[in-house]
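The values are calculated or read from the model by the stated rules, or taken from the named source; none is laboratory data. Note that the structure is predicted; figures quoted are calculated from it, not measured. Quick reminder, even Gly has a Cβ in these numbers, built from the backbone with ideal geometry, and neighbours come from all protein chains shown.
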């Protein structure tokens, strides 16, 4: 018998369906070959390496079920505002970057927070003051809007006479009608695709590698990319073919809401497996977000400035969505839907129900992400329709954006229906978890803490947000490991057992100890397929 390559000892939470614990595991050729100290001793040899976890904890490698590594990595490689707070800090970072990169024709990046500006709307004049001579394009944290300067608007030919696109708007000065420099939803996406110079495949590959390094440093060994374009797919496939993609990645191919079912043929052509990259899912944006009034609601918002769309926007109408999901389901695609408002959630569930009626049950593991506002009538439907709940739990806390841009426009009743994860879990639905990075932190331990305690891990001072919707720690941890592996059709990941791929994270603190919260721990080492990809 060939000896194990490595024996790891210490407290190990296996994450298997029974929630088992072990005190050792052995790895050979990238897989777990023994569990428990006695079994590991039997497979150890003279050349077997050892690794001892004295005071921390070993958990399965995290998998992020909804994340945007190419775009977050692009920010890391350009102007990254995600760690800064407030307009002065943003402008200093932008100025410093522009002065350090005089060769860049465009200044791009993102990560600014809506709550840093009145009404969530920055203005072009502030950018003009620090970069007057070159165009600037900066997505906000949630990537549903962008901040641009006057030179960017000039190059795009956007002025007071430019009509709003059907799926977005240019914010305008009420006195002059001139664009203010804030682009909402489709206005931002069209600007980015049509005006901002496109990164090359080499550029995107570099951004993905930067993101992969960051994700590995947080214990993440796999993910589902929720926005895969032809350009980012080429970069992923290049990295996978060169064996540089050390994470296992499922790509959700982007559904172009400006087209219809005619794009399905191209999606079928793009569906393939290349090494660690699996283009097997399709991502559909059903609506926008609450903060800018574009999430689709069953009843109007508590605001009066939305013109013809008092209930928000629906990007794919209900019947069209049902037809699309039914077609994709029949072709064997997993469908990954973005739904924020209660009307969008209902429409997304209705679409899966239509597919079930037309095609019968299957194991495609369709999922709906975000689920900010869910009407109580729809809570049991996730289990009934076998729809996975793809949670972004970090948002479920009393923070400035929630207090200033959500509560006032939703009202008391709907505010009490936000992020009802414990209620849905109690119905028996399958839970997966994703960060939506770069919208928020990619750190699973912070995500899990909010899932459990519903407070900001950085302060732990505010009142918990709807604390009855908090999840048990084991449930939240399982969602970020086995649950996300389930949605990614990864039968060899998500938990640690003999025969499974050796994906694991080593924490410096045992988060199951009394008095310890998840964000008290830090990842010290990450292993993917038996290879140390961080800290080794």
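Does residue 68 satisfy the criteria of being closer than 30 Å to residue 338 by Cα and either out of contact with any helix residue (DSSP H, G or I) (no Cβ under 8 Å at 6 or more places or on another chain) or assigned by TED's automatic domain parsing to the domain that holds residue 479 (or both)?
Judged against the criteria, residue 68 is a match.
From the list 481, 509, which one is closer than 23 Å to residue 35 by Cα, in the same structural domain as residue 395 (by TED's automatic domain parsing) and modelled with pLDDT of 95 or more?
After applying the criteria, what remains is 481.
Would you mention how many residues in the stretch 137-153 are surrounded by 24 or more Cβ atoms within 10 Å (Cβ to Cβ), free of Cβ contacts under 8 Å to residues at least 40 places away in the same chain and closer than 12 Å to residue 187 by Cα?
Of the residues in that region, 1 qualify.
Look at residue 161 and say whether it is part of a loop (DSSP other than H, G, I, E, B), within 25 Å of residue 313 (Cα to Cα) and either assigned by TED's automatic domain parsing to the domain that holds residue 291 or more than 24 Å from the chain's Cα centre (by Cα) (or both).
Answer is yes for this residue.
Anything in the stretch 1-17 that is in a strand (DSSP E or B), out of contact with any helix residue (DSSP H, G or I) (no Cβ under 9 Å at 6 or more places or on another chain) and either modelled with pLDDT under 95 or more than 17 Å from residue 529 (Cβ to Cβ) (or both)? List them, or say none.
Listed by number, the residues that qualify are 10, 11, 12.
Only strands (runs of 3 or more DSSP E) wholly contained in the stretch 324-420 count here; list those with 1 or more residues that are out of contact with any helix residue (DSSP H, G or I) (no Cβ under 8 Å at 6 or more places or on another chain). Even if it seems obvious, please write down each step before you answer.
Details: elements: 334-339, 367-370, 388-391.
Those strands (runs of 3 or more DSSP E) span 334-339, 367-370.
Are any residues in the stretch 266-309 part of a loop (DSSP other than H, G, I, E, B) and more than 18 Å from residue 374 (Cα to Cα), and if so, which ones?
The answer is 271, 272, 275, 276, 292, 303, 304, 305, 306, 307, 308, 309.
This table checks each residue for (1) touching a strand residue (DSSP E or B) at 6+ places or on another chain (Cβ under 8 Å); (2) more than 21 Å from residue 511 (Cβ to Cβ).
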site: 371; (1), (2): yes, yes
site: 375; (1), (2): no, yes
site: 390; (1), (2): yes, yes
site: 394; (1), (2): no, no
site: 408; (1), (2): no, yes
site: 428; (1), (2): no, yes
site: 433; (1), (2): yes, no
site: 437; (1), (2): yes, no
site: 441; (1), (2): no, no
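Just to be sure I understand, how many residues within the stretch 18-57 are assigned to a strand (DSSP E or B), in contact (Cβ under 8 Å) with a residue 24 or more places away in the chain, in contact with a helix residue (DSSP H, G or I) (Cβ under 8 Å, 6 or more places away or on another chain) and within 30 Å of residue 520 (Cβ to Cβ)? Before you say what the answer is, go through the steps one by one.
The initial filter retains those residues of the stretch 18-57 that are assigned to a strand (DSSP E or B), namely 21-28, 31-35, 49-52, 57.
Among the residues that remain, those that are also in contact (Cβ under 8 Å) with a residue 24 or more places away in the chain are: 22, 25, 27-28, 31-35, 49-52, 57.
Remaining after also requiring in contact with a helix residue (DSSP H, G or I) (Cβ under 8 Å, 6 or more places away or on another chain): 25, 28, 33-34.
Okay, now just the ones that are also within 30 Å of residue 520 (Cβ to Cβ), so 25.
The qualifying residues number 1.
What residue, of 264, 208, is touching a helix residue (DSSP H, G or I) at 6+ places or on another chain (Cβ under 7 Å), closer than 30 Å to residue 530 by Cβ, buried (at least 16 other Cβ atoms within 10 Å of the Cβ) and modelled with pLDDT of 95 or more? Please lay out each step first, then the result.
Working: 264 fails: closer than 30 Å to residue 530 by Cβ.
Going through 264, 208 in turn, the sole match is 208.
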